[in-house]
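A short worksheet on the structure shown next.
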Amino acid sequence: MILALAVVIAVVVLLVRWIGGPGYGAQPPYQPPPGRALDILKERFARGEINKEEFEERRRVLDQ
């Protein structure tokens, strides 16, 4: 009985995925526009959230 219930649930799940088509429910990971990371870094430095050394180090990492 449990096996039959598991098969029915599996069939329903597969049917829903098949009807939904490719990529159903999946979204690509967020990618900020190019250069946006540096803008955010500059904003954080301007607000005083990071110091100059940290700013320079992170900017070097972004330039790589």
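Computed from the coordinates by the stated procedures, all read-outs in this text should not be read as laboratory data. Note that this is a predicted model, so its numbers are computed, not measured. Quick reminder, even Gly has a Cβ in these numbers, built from the backbone with ideal geometry, and neighbours come from all protein chains shown.
Would you list ARG59, ARG36 from fewest to most Cβ contacts within 10 Å?
With the sparsest Cβ surroundings first, the list reads ARG36, ARG59.
Using the charge dipole of the chain (Lys, Arg: +1 at Cβ; Asp, Glu: -1 at Cβ; taken about the Cα centre), state which of VAL13, ILE50, ILE40 has its Cα farthest towards the positive end.
In the chain, that residue is VAL13.
From the phi angles alone, apply the Karplus equation (6.51, -1.76, 1.60; θ = phi - 60°) to region 48-53 and give each ³J(HN,Hα) in whole Hz, x where the residue is Gly or Pro.
Coupling constants for region 48-53: x, 6, 10, 8, 4, 5 Hz.
Against the 2.2 N^0.38 Å scaling, with N counting residues, where does the chain land? I'd like the Cα-based Rg ratio to two decimal places. Don't jump to the answer; show the numbers that get you there.
On the way: Rg = 23.7 Å, N = 64, 2.2 N^0.38 = 10.7 Å.
Compactness ratio reported: 2.22.
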